[in-house]
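To keep things clear, I will list the structure first and then write my remarks on it.
Just so you know, all these numbers are worked out from the coordinates, no wet-lab data involved. Fair warning: this is a prediction, and the values are worked out from it, not measured in the lab. Backbone-built Cβ (ideal geometry, glycine too); neighbour counts: all protein chains shown.
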Amino acid sequence: MTTPVRDLPLLLLGSGSDPASERGVDCPGELPPASDPDLVARARAAKAALGDRVFVLGHHYQRDEVIQFADVTGDSFKLAQQAAARPDAPYIVFCGVHFMAESADILTAPHQQVVLPDLAAGCSMADMATFDQVEECWEALEDAGIADDVVPVTYMNSSADIKAFVGRHGGVVCTSSNAKRALDWAYAKGSKVLFLPDQHLGRNTAVLEMGFSLDDCVVYNPHRPNGGLSDGELAGAKMILWRGHCSVHGRFSKESVDDVRARVPGVNVLVHPECKHEVVTAADLVGSTEFIIKTLQAAPAGSSWAIGTELNLVKRLASEHPDKNVMFLDKAVCFCSTMNRIDLPHLVWALEELVQGKVPNRIEVEAETAHYARVALDQMLALP
Ligand code: SF4
């Protein structure tokens, strides 16, 4: 028996379920206790028993205890591509969050089954744009007489339903690496963009990379009638930003940048474009997780870096670059709580179930949704 908890921003660990949401549902398994001293050995044994039949993907924000078992690490799109490039592996174990596993299911062959070790690993940003809300927004754009001018663009960090909506309406998916290319393509097609669901990535790309002014952008609030905007405001905007954000990157502030500059002379501030506009403009460098990793690799020994992204990645970068002074941008600890739900007990449980011939926590996108989501993903792959 589960309790409906739709009003909570995230499900409490192990309580309640919401299968219609990116919040995920309870893990149904008998998990090994986290105190089991044999967890590492059990994971190794299960992976060895599965051999080439399993391909384990690890997102950069995953815990080290999980990442050590990843066959490949990367951002969400790279991981989905890697899974598609391994059609010999019938089982894809995705150590990441729900929307990533959906994308992997969409991009892999029908015989490949995607497993998310803990179904409670959702994404609060993806949750901020539901299909019904986006449909309602599109109706508002139609009522304002501008829908024909609008090209929808959705960030990879959105549910398969939203990607499919975008595919149906002639739009495109983007990542934090190719957002400018996606917007260039969209503005060649229409005079306005509806950018889902991360307002910060949309605003930062439009203003810092496309030369738009902040006044060219409006924010559509799905919790207010007509998004809280008049028809005139919608008609006057070039960029209609969805009111969504990442609960991890949204925590960084301009004060945290000022503070680290005061404390650490010569520090380089490097942040992800999901951070707020005032943080990105105060930073020295901005880019995707892959950009952050490459920047650290190329940095000279002795240099200092304050990084504004998820803490598991920052900790890993600090240990991989002991010759550099790598620190977290904010003083407060800031893990992604849903990414962290995939821990070693869940991974061991998922792998051992597969060894026994059971496929736990399979993520399977319904065929029509998968088709239109793929249209928007393929459009991204075809970007000039
Ligand atoms: S870091 Fe942010 S965008 Fe990524 S999964 Fe966590 S909440 Fe979602």
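Numbers below:
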{"item": "Cα centroid separation, the range 243-297 to the range 99-178 (Å)", "result": "26 Å"}
{"item": "For the range 308-357: rounded, prolate or oblate by the Cα gyration tensor [a/c cutoff 1.5]", "result": "oblate"}
{"item": "Protection proxy ranking of 222-230, 375-383 - average other beta-carbon atoms within 10 Å, highest first", "result": "375-383, 222-230"}
{"item": "Debye intensity ratio in log₁₀ form over the Cα atoms of the range 334-384, taken at each q of 0.14, 0.18 Å⁻¹", "result": "-0.68, -0.83"}
{"item": "The range 177-301, Cα convex hull volume normalised per residue, Å³", "result": "117 Å³"}
{"item": "Radius 10 Å from Cβ of residue 112, net charge of other residues (Lys, Arg +1; Asp, Glu -1)", "result": "-1"}
{"item": "Under-5 Å amide H pairs with residue 220, H placed in peptide plane, nonlocal only", "result": "241, 242, 243"}
{"item": "Gaussian network model of the chain, springs between alpha carbon atoms under 10 Å - residue of 111, 245, 277 with greatest fluctuation", "result": "111"}
{"item": "Within the chain, percent of DSSP bridges classed antiparallel, to nearest 5", "result": "5 percent"}
{"item": "Tensor-based shape of the chain (alpha-carbon gyration tensor, a/c under 1.5 rounded, otherwise prolate or oblate)", "result": "oblate"}
{"item": "Kirkwood hydrodynamic radius of the range 236-338, from inverse mean 1/r over distinct Cα pairs, in Å", "result": "14.0 Å"}
{"item": "Whole-number D in µm²/s for the range 126-247 (Stokes-Einstein; Kirkwood sum over Cα pairs; 37 °C, 0.692 mPa s)", "result": "238 µm²/s"}
{"item": "Distance in nm between pseudo-label sites at residue 53 and residue 221 (7 Å out along the Cβ direction from Cα)", "result": "5.3 nm"}
{"item": "In order through the range 315-332: 3J(HN,Hα) via Karplus (6.51 cos²θ - 1.76 cosθ + 1.60), integer Hz, x for Gly, Pro", "result": "4, 5, 4, 5, 6, 7, 10, x, 7, 10, 8, 9, 9, 7, 5, 9, 6, 7"}
{"item": "Translational D in µm²/s for the range 27-144 (Stokes-Einstein at 20 °C, 1.002 mPa s, Kirkwood Rh from C-alpha pairs)", "result": "135 µm²/s"}
{"item": "For residue 254, net neighbour charge (Lys/Arg +1, Asp/Glu -1) across residues whose Cβ lies under 10 Å away", "result": "-3"}
{"item": "Alpha-carbon centroids, the range 64-89 and the range 183-240: separation in whole Å", "result": "33 Å"}
{"item": "For the range 274-285, 3J(HN,Hα) per residue [Karplus equation, 6.51 cos²θ - 1.76 cosθ + 1.60, θ = phi - 60°, Hz, x = Gly/Pro]", "result": "7, 6, 4, 4, 5, 6, 4, 6, 7, 7, 8, 9"}
{"item": "Simple spin-label estimate for residue 304 and residue 38 in nanometres, 7 Å along Cα-Cβ", "result": "4.9 nm"}
